[in-house]
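Asks: Provided herewith is a single structure, encoded as structure tokens, for subsequent inquiry.
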Amino acid sequence: MKKEEYAAYIEHSVLKMDTTRNDIKRVCEEAKEYGFAAVAITPANVKYAAQLLEGTNVKVGAAIGFPLGSSTTFIKVAETKDAIANGAQEVDMVINVGALKDGLYEYVENEIKEVVKAAHPSVPVKVILETFLLTEEEKVKVCQMAVNAQADYVKTCTGFNGGKATKEDILLMKKAVDGKCRIKASTGIKSREEFEELLEAGAVRFGTSSGILIVNGD
């Protein structure tokens with residue numbers, strides 16, 4: 001693939017707690033320069049990023065309920081609506097992992113549905129599983145919930161709770177969604193080799209802070 005073809009898969013991410021406006025400006029400028037699909041940022045930075053990226057093809061992606069996923073459904077919905085009002089064009093929501101492990105499947109699925117309802121039809125929703133913390137059965141269960149809720153993507157990890165995107169998880173998620181949802185790989189993707197392995201497994205979006213290295217083949 002050409003450099004621009006790699007870039008078109010990548011969401012240039014800056015999600016650390018100490019992220020400053022200078023960091024956001026740098027990431028947005030890099031996203032424009034390299035032609036990344038999107039920037040992935042926290043809601044407080046959405047309005048600023050949207051101003052910087054106005055008139056470009058780079059999407060602004062907001063992380064919802066990030067990184068713990070343990071805020072209430074009401075708050076996640078409100079955060080989604082607020083992010084979209086401020087210019088977010090995509091949202092990535094973290095599921096409530098504790099509720100999932102408690103067997104509160106109806107609660108978890110309903111929460112995804114409510115966020116999807118707040119975002120659709122104009123803004124796609126990506127559901128973050130936090131794969132490192134889940135069993136295979138739980139991963140499959142969340143993928144099925146995401147499909148039922150009409151989410152647009154299922155996503156591996158936040159990057160805040162250990163683990164990384166793996167070929168095995170992408171293959172499992174791809175099988176679980178059965179073509180009804182797309183796959184985003186996120187966390188620990190630091191080289192073109194890792195990128196290509198996950199792409200071949202079925203990922204079509206990639207959240208990484210190493211996008212420039214991947215595009216340049218370093």
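Asks: For the range 185-199, does any single residue satisfy the condition of being among the polar types (S, T, N, Q) and closer than 16 Å to Val94 by Cβ?
Replies: Yes, the range 185-199 has at least one match.
Asks: While we're on this one: Which of the helices (runs of 4 or more DSSP H) found entirely inside the range 133-218 contain at least 1 residues meeting this: touching a helix residue (DSSP H, G or I) at 6+ places or on another chain (Cβ under 7 Å), charged (D, E, K, R) and in contact (Cβ under 8 Å) with a residue 60 or more places away in the chain?
Replies: Once the helices (runs of 4 or more DSSP H) in the range 133-218 are filtered for at least 1 residues that are touching a helix residue (DSSP H, G or I) at 6+ places or on another chain (Cβ under 7 Å), charged (D, E, K, R) and in contact (Cβ under 8 Å) with a residue 60 or more places away in the chain, what remains is 192-201.
Each row is one residue, and each column tells you yes or no for (1) of a type outside the set (A, V, I, L, M); (2) more than 14 Å from the chain's Cα centre (by Cα).
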{"site": "Glu136", "(1), (2)": "yes, yes"}
{"site": "Val142", "(1), (2)": "no, yes"}
{"site": "Lys155", "(1), (2)": "yes, no"}
{"site": "Ala165", "(1), (2)": "no, no"}
{"site": "Leu171", "(1), (2)": "no, yes"}
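Asks: Just to be sure I understand, how many residues within the range 140-186 are touching an Asp or Glu at 6+ places or on another chain (Cβ under 9 Å), among the polar types (S, T, N, Q) and surrounded by fewer than 20 Cβ atoms within 10 Å (Cβ to Cβ)?
Replies: Selection size over the range 140-186: 3.
Asks: For Ala78, which of the numbered conditions (1) closer than 17 Å to Cys157 by Cβ; (2) over 15 Å from the mean Cα position of the chain (by Cα); (3) of a type in the set (A, V, I, L, M); (4) surrounded by fewer than 20 Cβ atoms within 10 Å (Cβ to Cβ) fails to hold?
Replies: Condition (1) is where Ala78 drops out.
Asks: Tell me which of these Met93 doesn't satisfy, since it passes every other one: (1) over 17 Å from the mean Cα position of the chain (by Cα); (2) crowded, with 20+ Cβ neighbours inside 10 Å; (3) hydrophobic (A, V, I, L, M, F, W, C).
Replies: (1)
Asks: What number of residues within the range 90-132 are more than 16 Å from Ile75 (Cβ to Cβ), charged (D, E, K, R) and either out of contact with any strand residue (DSSP E or B) (no Cβ under 8 Å at 6 or more places or on another chain) or not in a loop (DSSP other than H, G, I, E, B) (or both)?
Replies: Count: 6.
Conditions (1) touching a strand residue (DSSP E or B) at 6+ places or on another chain (Cβ under 6 Å); (2) at pLDDT below 95, marked per residue:
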{"site": "Tyr153", "(1), (2)": "yes, no"}
{"site": "Gly162", "(1), (2)": "no, yes"}
{"site": "Thr166", "(1), (2)": "no, no"}
{"site": "Leu172", "(1), (2)": "no, no"}
{"site": "Cys181", "(1), (2)": "yes, no"}
{"site": "Ser186", "(1), (2)": "yes, no"}
{"site": "Ala201", "(1), (2)": "no, no"}
{"site": "Phe206", "(1), (2)": "yes, no"}
{"site": "Ile214", "(1), (2)": "no, no"}
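Asks: For the range 1-22, enumerate the residues that are charged (D, E, K, R) and touching a Lys or Arg at 6+ places or on another chain (Cβ under 8 Å).
Replies: Glu11
Asks: Here are some conditions: (1) charged (D, E, K, R); (2) over 21 Å from Thr131 (Cα atoms); (3) more than 19 Å from the chain's Cα centre (by Cα). Asp102 meets all but one. Which one does it not meet?
Replies: (2)
Asks: Out of all the residues in the range 115-153, which are farther than 15 Å from Ala62 by Cα and of a type in the set (Val, Ile, Thr)?
Replies: Residues satisfying the conditions are Thr131, Thr135, Val140, Val142, Val147.
Asks: Yes or no: the range 58-68 includes at least one residue that is surrounded by fewer than 17 Cβ atoms within 10 Å (Cβ to Cβ) and more than 25 Å from Gly188 (Cβ to Cβ).
Replies: No, the range 58-68 contains no residue that is surrounded by fewer than 17 Cβ atoms within 10 Å (Cβ to Cβ) and more than 25 Å from Gly188 (Cβ to Cβ).
The values are calculated or read from the model by the stated rules, or taken from the named source; none is laboratory data. What you see is a predicted model; the values in this text were computed from it and never measured. All Cβ positions, glycine included, derive from the backbone under ideal geometry; neighbour counts span all protein chains shown.
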